[in-house]
């Protein structure tokens with residue numbers, strides 16, 4: 001049996017029945033990593049020894065039938081912008097190459113509490129800025145379905161690792177689509193929770209008001225398992241919601257009868273890849289067949305999403321990245337003759353081109369004289385997106401759109417055209433601006449065999465609606481059972 | 001003397017316009033966004049955690065006490081507390097600023113539109129407050145004794161500060177100092193700040209400009225930074241006013257800039273001009289949710305406010321029938337005010353108590369004798385056990401030994417002599433020793449009486465009851 005190919009819930013069942021051990025699971029995943037990692041390059045770092053030891057330790061509890069959670073003994077991956085005590089957290093940036101946090105992110109604490117086994121830190125676009133994982137300072141991750149193509153980004157490492165069975169589930173972070181877009185590109189499930197559902201404590205910030213940590217999983221059930229463990233109030237994050245926790249797994253059911261689904265006309269305009277449109281509408285029809293009602297709706301400000309996003313996200317990023325000055329930790333350029341030169345050289349050598357581009361954009365947008373025209377205006381437009389969604393959710397329970405405008409593109413194809421690259425997130429950005437939950441689910445394949453994702457957006461804190469809808473489709477289509485050939 | 005200080009009075013056709021910005025450290029035990037200690041003088045970097053160091057991924061969490069302390073101040077200075085206020089980021093690079101930005105309040109401060117009433121030369125004046133907002137302190141660069149390097153102490157990062165900004169209502173350095181003393185007094189009464197200028201827990205920046213008398217438009221201002229004593233604040237403002245007058249008299253123009261007070265030379269010097277000023281790129285802090293202040297919370301805080309200096313002064317005048325001057329002196333220091341009131345509750349002579357406090361205790365760092373001891377001594381005077389003169393000696397002895405007045409009197413044998421026979425013997429001694437003076441007195445030189453009294457007091461070592469001495473002296477001089 002290829003243990004690495006199991007889903008979390010399948011592995012959990014076998015662990016419970018004592019047919020397998022956690023150590024065997026970890027070993028299987030590690031040997032899978034040995035086998036495919038040279039092709040995929042999903043990990044910045046693999047924690048072999050500690051994960052084996054961890055698995056062995058947990059086996060003692062497991063043998064006595066003690067399970068803290070469905071994640072007990074399960075090998076998972078962690079995006080490299082989530083702090084893990086004692087392990088380098090690099091954000092795939094030179095400037096943090098040697099940064100070892102003395103603390104765990106809240107989600108890491110929670111997963112440790114749930115007895116998950118960490119196998120490694122996954123590659124990403126530097127500081128989560130990008131849609132292809134080509135902006136990593138260390139390596140280019142490849143798409144398991146076609147090694148010439150990008151895995152999406154910025155959580156490309158996490159999505160590729162899950163798709164290639166290098167871990168059973170992973171965490172990513174999503175600022176403008178960075179969980180959903182790579183999940184769609186790699187044919188896995190990715191969920192960006194409602195802003196505030198998952199603590200951001202320990203997530204290295206890109207754009208604080210948009211960032212959210214979420215699961216990337218092989219199927220919907222696994223996504224629910226991961227979300228159960230990482231959600232919940234955290235006193236160390238003021239923006240964390242105080243709502244009581246929900247059991248997303250326990251309430252998972254494939255019923256969509258009477259559910260009202262909205263199709264926003266602004267997302268199905270000319271220029272959209274016909275294969276994507278066909279596949280997404282296929283999913284919509286499936287839900288219809290299962291008893292859902294489908295309505296055309298409007299989200300009138302959609303056209304401004306990308307522009308608004310790139311002002312707000314870069315403004316916050318320019319500020320969040322100021323702390324990387326070479327003074328206290330991380331990389332410091334060696335030959336600065338005075339303080340200013342030390343700052344300048346450190347940042348010039350430590351940051352990659354995309355990060356610098358965004359720092360420049362954000363600094364400009366916040367500068368005196370431009371603040372009102374850019375930042376303030378963008379905040380006002382952001383309020384309009386929120387209004388759009390409020391109006392829409394009066395009529396429907398969920399909104400369905402494509403996750404990406406095209407399937408995964410070729411490595412290098414858009415590297416020199418940042419604006420083209422920014423459009424990869426055109427369908428995902430609005431959910432971050434509004435703070436609503438959104439999920440990407442595999443819904444088909446292109447003629448070239450590349451996965452296509454469908455996005456479901458929902459009301460604040462109605463993750464369960466999204467998960468149930470996705471689960472219904474998954475059960476009916478069986479699409480999640482298809483694997484890349486590696 | 002520099003040339004600016006020599007300027008002649010006849011040039012004085014200008015009026016100064018001064019606004020003050022005070023940074024007051026709040027007396028919380030922990031920092032504004034984390035649980036680290038705020039105590040002063042610890043080993044460098046011993047009071048830090050990932051949050052106040054701004055390590056990647058960590059987030060600030062607002063200390064509720066900080067908001068409450070600022071609310072107390074806002075209420076005590078008649079400000080309107082905003083039901084919704086918000087933090088902002090003030091971005092700039094400096095080694096002592098770990099995040100590369102300072103979390104402060106900008107367009108939505110905690111409180112606005114207050115005032116403080118001051119008195120200068122007996123004239124009452126109202127200084128309006130623009131706003132009170134919250135922010136975190138930065139760290140400190142260490143250079144002393146270190147060659148070719150700077151070290152950084154981040155113990156102060158995240159120490160909670162309140163910035164209290166006045167309107168440009170102040171017209172002289174005297175008014176500025178009166179305002180600052182009054183403000184400090186209020187903060188200390190409220191127990192939100194320790195009022196310590198030397199340790200920087202009460203810091204002041206002054207914006208100074210001048211304009212021709214009668215002109216409404218403000219002149220170009222300069223900002224004087226971080227001056228750490230009332231005396232220097234007064235001197236720096238005076239100097240700056242004269243400097244600006246001189247510049248204008250000479251046909252020059254004032255440059256908007258930040259200036260520092262050079263304590264050694266007694267002058268202000270340019271630090272940076274407006275052109276090189278930072279663009280702080282303020283924007284709302286996305287890691288903190290806006291602070292909502294419900295009216296219930298304001299009412300709750302209102303209930304905890306102590307009696308403030310002005311109210312206390314009025315009450316002292318009314319309840320204790322002491323002169324307004326006494327009441328205002330006694331209430332300028334919370335400790336003294338409490339001391340006075342405790343004394344007054346023990347003994348019924350508030351004016352005598354006030355005299356002793358104002359004469360001898362006002363400048364004491366810690367009041368060395370208890371209210372019971374002070375009133376005990378006054379009681380001894382009133383009962384005629386000791387004279388007012390002896391009381392001085394007893395008082396000094398009390399300060400030194402912390403013993404009660406009665407014990408001192410007994411140990412030193414300082415009891416007042418009121419016995420007629422004993423005093424008569426002193427009187428006779430004096431009169432017998434000065435026959436010529438007696439003769440002169442009797443022939444009409446009555447002011448010699450004072451001389452005889454003095455002599456009697458002298459040979460009685462001050463213990464003779466002065467009333468009795470007078471009485472018996474007159475008796476003997478009239479009837480030899």
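The values are calculated or read from the model by the stated rules, or taken from the named source; none is laboratory data. These figures come from a predicted structure and were not determined experimentally. Cβ: placed from backbone, ideal geometry, glycine included. Neighbour counts: every protein chain shown.
Residue A:346 meets all of the listed conditions (1) surrounded by fewer than 16 Cβ atoms within 10 Å (Cβ to Cβ); (2) modelled with pLDDT of 95 or more; (3) touching a helix residue (DSSP H, G or I) at 6+ places or on another chain (Cβ under 9 Å) but one, namely (1).
Only one of these conditions is not met by residue B:298: (1) within 14 Å of chain A (Cβ to nearest Cβ); (2) closer than 19 Å to residue B:82 by Cβ; (3) in contact with a strand residue (DSSP E or B) (Cβ under 6 Å, 6 or more places away or on another chain). Which number is it? With respect to (1) within 14 Å of chain A (Cβ to nearest Cβ); (2) closer than 19 Å to residue B:82 by Cβ; (3) in contact with a strand residue (DSSP E or B) (Cβ under 6 Å, 6 or more places away or on another chain), residue B:298 is out only on (1). Selection over region B:89-117 of residues that are more than 27 Å from residue B:143 (Cα to Cα) and within 9 Å of another protein chain (Cβ to nearest Cβ) gives a count of 1. The residues in region A:90-118 that are at the interface with chain B (Cβ under 9 Å from one of its Cβ atoms), over 17 Å from the mean Cα position of the chain (by Cα) and crowded, with 24+ Cβ neighbours inside 10 Å can be counted, and the count is 2. Can you say whether residue A:359 is crowded, with 21+ Cβ neighbours inside 10 Å, over 23 Å from residue A:95 (Cα atoms), out of contact with any strand residue (DSSP E or B) (no Cβ under 9 Å at 6 or more places or on another chain) and touching a residue at least 24 places away in the same chain (Cβ under 8 Å), as far as the supplied structure shows? No.
Residue-level analysis places residue A:285 outside the set of residues that are assigned to a helix (DSSP H, G or I), within 14 Å of chain B (Cβ to nearest Cβ) and out of contact with any strand residue (DSSP E or B) (no Cβ under 6 Å at 6 or more places or on another chain).
Of all residues in region A:363-380, those that are at the interface with chain B (Cβ under 8 Å from one of its Cβ atoms) have Cβ atoms under 7 Å from Cβ atoms of residues that are loosely packed, with under 15 Cβ neighbours inside 10 Å and modelled with pLDDT under 95, 6 or more apart or on another chain, in A:367/B:279; A:368/B:279.
Which residues, counting only those in region A:213-236, are closer than 28 Å to residue A:323 by Cβ, in a loop (DSSP other than H, G, I, E, B) and touching a strand residue (DSSP E or B) at 6+ places or on another chain (Cβ under 9 Å)? Residues satisfying the conditions are A:232, A:234. For region A:161-178, the condition holds for at least one residue, the condition being that it is under 13 Å from the mean Cα position of the chain (by Cα), within 14 Å of another protein chain (Cβ to nearest Cβ) and closer than 28 Å to residue A:25 by Cα. Across region B:263-295, the qualifying residues are those that are part of a loop (DSSP other than H, G, I, E, B) and more than 14 Å from chain A (Cβ to nearest Cβ), and the one among them that is nearest to the chain's Cα centre (by Cα) is B:263.
Of the numbered criteria (1) in contact (Cβ under 8 Å) with a residue 40 or more places away in the chain; (2) in a loop (DSSP other than H, G, I, E, B); (3) touching a strand residue (DSSP E or B) at 6+ places or on another chain (Cβ under 6 Å), the one residue B:195 fails is (1).
For region A:389-401, taking the residues that are in contact with a strand residue (DSSP E or B) (Cβ under 9 Å, 6 or more places away or on another chain) and part of a helix (DSSP H, G or I), the one that is farthest from the other protein chains (Cβ to nearest Cβ) is identified as A:395.
In a residue-by-residue description of region A:239-246, the property of being under 20 Å from residue A:468 (Cβ atoms) and either within 14 Å of chain B (Cβ to nearest Cβ) or touching a helix residue (DSSP H, G or I) at 6+ places or on another chain (Cβ under 7 Å) (or both) applies to at least one position.
With respect to (1) within 30 Å of residue B:469 (Cα to Cα); (2) surrounded by 19 or more Cβ atoms within 10 Å (Cβ to Cβ), the lone exception for residue B:349 is condition (2).
Among the numbered conditions (1) more than 30 Å from residue A:359 (Cα to Cα); (2) within 14 Å of another protein chain (Cβ to nearest Cβ); (3) out of contact with any strand residue (DSSP E or B) (no Cβ under 7 Å at 6 or more places or on another chain), the only one that residue B:67 does not meet is (3). Note on region A:362-374: residues that are outside any helix (DSSP H, G or I) and touching a strand residue (DSSP E or B) at 6+ places or on another chain (Cβ under 8 Å) total 1. Evaluate the following for residue B:66: is it more than 20 Å from residue B:165 (Cβ to Cβ) and touching a residue at least 12 places away in the same chain (Cβ under 8 Å)? When the stated conditions are applied, residue B:66 does not pass them. Checking the stated criteria, residue A:77 turns out to be at pLDDT 95 or above, crowded, with 24+ Cβ neighbours inside 10 Å and more than 13 Å from chain B (Cβ to nearest Cβ).
(1) closer than 17 Å to residue A:214 by Cβ; (2) away from every other protein chain (no Cβ under 14 Å); (3) surrounded by 24 or more Cβ atoms within 10 Å (Cβ to Cβ): which one isn't true of residue A:136, the others all being true? Just one mismatch for residue A:136, condition (1). Annotation note: of A:469, A:457, the sole residue that is in a strand (DSSP E or B) and closer than 19 Å to residue A:217 by Cβ is A:457. Against the list (1) touching a strand residue (DSSP E or B) at 6+ places or on another chain (Cβ under 8 Å); (2) within 13 Å of residue B:136 (Cβ to Cβ); (3) surrounded by 20 or more Cβ atoms within 10 Å (Cβ to Cβ), the condition residue B:54 fails is (1).
For region B:387-403, the set of residues classified as at pLDDT 80 or above and not in a helix (DSSP H, G or I) consists of B:402, B:403, listed by residue number. In region B:118-134, the condition of being more than 14 Å from chain A (Cβ to nearest Cβ), free of Cβ contacts under 8 Å to residues at least 60 places away in the same chain and in contact with a helix residue (DSSP H, G or I) (Cβ under 6 Å, 6 or more places away or on another chain) is met by at least one residue.
Summed over region A:318-358, residues that are assigned to a helix (DSSP H, G or I), under 25 Å from the mean Cα position of the chain (by Cα) and away from chain B (no Cβ under 11 Å) total 7.
Conditions (1) free of Cβ contacts under 8 Å to residues at least 12 places away in the same chain; (2) closer than 29 Å to residue B:362 by Cβ; (3) surrounded by 13 or more Cβ atoms within 10 Å (Cβ to Cβ), marked per residue:
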position: B:392; (1), (2), (3): yes, yes, yes
position: B:398; (1), (2), (3): no, yes, yes
position: B:444; (1), (2), (3): yes, no, no
position: B:459; (1), (2), (3): no, no, yes
position: B:469; (1), (2), (3): no, no, yes
position: B:473; (1), (2), (3): no, no, yes
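Taken as a whole, the condition of being surrounded by 12 or more Cβ atoms within 10 Å (Cβ to Cβ), closer than 30 Å to residue B:89 by Cβ and either within 33 Å of the chain's Cα centre (by Cα) or within 14 Å of chain A (Cβ to nearest Cβ) (or both) applies to residue B:260.
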